[in-house]
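Handing you a structure now.
The values are calculated or read from the model by the stated rules, or taken from the named source; none is laboratory data. As the structure is a computational prediction, the values presented were derived from the model and not from experiment. For neighbour counting, all protein chains shown are included, and Cβ atoms are generated from backbone atoms with ideal geometry for every residue, glycine included.
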Amino acid sequence: MKIRDIFHLLAGRTLCLLCGSFDYDSLHMGLCRDCLSELEKESLLGNGETRNCRCCGIRLLSEMDLCTECRRYPTNQRNMALFSYHGKAGDLIQFYKFQSEKRLYLFFAGQIDRALRHESLIDYALLPVPPSRKKIFKTGWDQMELIGSELKRLGWPLIHPLAKKEGLSQKKLSREEREREIIGRYYLKRSKKGLPEKIILLDDVYTTGATLRECTRILKAEGAEDVRSLTIARD
């Protein structure tokens, strides 16, 4: 038994977050084998019988290659979403972000690792979208950076060229307000190192895609040639 597992036992964090049952997997990463299996069925990737929007990653219900929203609001963003936010994965993101169930980083990192390898994107550097300093001070941790640390342990190159300025929370803003407010919120930190040619932005949820588009714009303006994104869920 690993030290972190002993910690979870002492802290009482031993049950599956979704169904309340116990097994080693629930102790290790917060999910039992049965719920892990159910989550596999909810995955938006790896199912040859279904198709996803090439811009936002949502599952398509028509023969077109873009969803209704991306046809209405055209974008060149290339996002891969692992799950729909309106399912068990959405519950897990809530547990992870707002109830500090940090052990879920192992599940999320494992899913990202598998998806990237499945899509043969092994020559890309990974860039977790940074939160503002105020958010880190408030929560005490960076959710995407923790996932990134596990991906780095699994062999993925991790880069941190971006920083975020303080501003309005986007949660209660309309789509148009998000698009306006996000401009100038991210900036490139000073560094003697150049950017990799291929980068994948990592974020938790794709809602309107405004954040990812702004980060992509900045990176491409500084010389990155191929910038994509991967989100845990599509709202």
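Select from region 16-27 the residues that are out of contact with any His (no Cβ under 8 Å at 6 or more places or on another chain), at negative phi and not acidic (Asp, Glu) and list them in ascending order. Before you say what the answer is, go through the steps one by one.
Our first condition is that a residue be out of contact with any His (no Cβ under 8 Å at 6 or more places or on another chain); within region 16-27, this holds for 16-26.
Still in the list and also at negative phi: 16-19, 21-26.
Scanning region 16-27 gives Cys16, Leu17, Leu18, Cys19, Ser21, Phe22, Tyr24, Ser26.
Return the residues of region 78-98 that are surrounded by fewer than 17 Cβ atoms within 10 Å (Cβ to Cβ) and either of a type in the set (Asp, Glu) or in a strand (DSSP E or B) (or both); say none if nothing qualifies.
Hit for region 78-98 is Asp91, nothing else.
Just the residues that are touching a Gly at 6+ places or on another chain (Cβ under 8 Å) and assigned to a helix (DSSP H, G or I), please, taken from region 116-133. I'd like the intermediate steps shown before the answer.
Applying the first criterion (touching a Gly at 6+ places or on another chain (Cβ under 8 Å)) to region 116-133 yields 118, 126, 128, 132.
Result: His118, single match.
Moving on. What strands (runs of 3 or more DSSP E) completely inside region 163-235 contain at least 1 residues that are at pLDDT below 95 and either surrounded by 12 or more Cβ atoms within 10 Å (Cβ to Cβ) or out of contact with any Lys or Arg (no Cβ under 8 Å at 6 or more places or on another chain) (or both)? Steps first, please.
Values: elements: 186-188, 198-206, 226-234.
Qualifying strands (runs of 3 or more DSSP E): none found.
Select from region 1-55 the residues that are among the small types (Gly, Ala, Ser), at pLDDT 85 or above and farther than 30 Å from Cys70 by Cα and list them in ascending order. Working first, answer last.
Going through region 1-55, the residues among the small types (Gly, Ala, Ser) turn out to be 11-12, 20-21, 26, 30, 37, 43, 46, 48.
Still in the running and at pLDDT 85 or above: 20-21, 30, 37, 43.
Within region 1-55, Gly20, Ser21, Gly30, Ser37 meet the criteria.
Any idea how many residues of region 40-77 are surrounded by 14 or more Cβ atoms within 10 Å (Cβ to Cβ), of a type in the set (S, T, N, Q) and over 23 Å from Ile199 (Cβ atoms)?
1
Which residues, counting only those in region 134-156, are surrounded by fewer than 19 Cβ atoms within 10 Å (Cβ to Cβ), touching a helix residue (DSSP H, G or I) at 6+ places or on another chain (Cβ under 9 Å) and part of a loop (DSSP other than H, G, I, E, B)?
Result: Trp141, Asp142, Leu154, Gly155.
For region 221-235, name all the residues that are touching a strand residue (DSSP E or B) at 6+ places or on another chain (Cβ under 6 Å) and either basic (Lys, Arg) or more than 19 Å from Arg59 (Cα to Cα) (or both).
Taking region 221-235 as the starting set, the residues that turn out to be touching a strand residue (DSSP E or B) at 6+ places or on another chain (Cβ under 6 Å) are 222, 224, 226-235.
Glu222, Ala224, Asp226, Val227, Arg228, Arg234 - these are the residues of region 221-235 that are touching a strand residue (DSSP E or B) at 6+ places or on another chain (Cβ under 6 Å) and either basic (Lys, Arg) or more than 19 Å from Arg59 (Cα to Cα) (or both).
Would you please name the residue that is farthest from Cys35 (Cα to Cα), looking only at residues in region 89-121 that are among the basic types (Lys, Arg) and at pLDDT 95 or above?
Going residue by residue through region 89-121, those that are among the basic types (Lys, Arg) are 97, 102-103, 114, 117.
Now narrow it down to the ones that are at pLDDT 95 or above: 114, 117.
Values: Arg114: 18, Arg117: 23 Å.
Out of the qualifying residues, it is Arg117.
For region 211-222, indicate whether the set of residues that are more than 21 Å from the chain's Cα centre (by Cα) and farther than 16 Å from Pro128 by Cβ is non-empty.
Restricting attention to region 211-222, the residues satisfying the condition of being more than 21 Å from the chain's Cα centre (by Cα) are 221-222.
Filter once more, so that each one left must be farther than 16 Å from Pro128 by Cβ: 221-222.
Scanning region 211-222 turns up at least one residue that is more than 21 Å from the chain's Cα centre (by Cα) and farther than 16 Å from Pro128 by Cβ.
A further question on this structure: If I filter region 170-179 for residues that are more than 17 Å from the chain's Cα centre (by Cα) and under 19 Å from Phe107 (Cα atoms), do I get at least one hit? Break it down into steps so the answer makes sense when it comes.
First, the residues of region 170-179 that are more than 17 Å from the chain's Cα centre (by Cα): 172-179.
Applying the additional criterion that residues be under 19 Å from Phe107 (Cα atoms) yields none.
No: region 170-179 contains no residue that is more than 17 Å from the chain's Cα centre (by Cα) and under 19 Å from Phe107 (Cα atoms).
Working carefully through the options Leu61, Leu44, find the one that is closer than 25 Å to Val227 by Cα, out of contact with any helix residue (DSSP H, G or I) (no Cβ under 8 Å at 6 or more places or on another chain) and in a loop (DSSP other than H, G, I, E, B).
Values: Leu61 fails: closer than 25 Å to Val227 by Cα.
Checking each option against the conditions leaves just Leu44.
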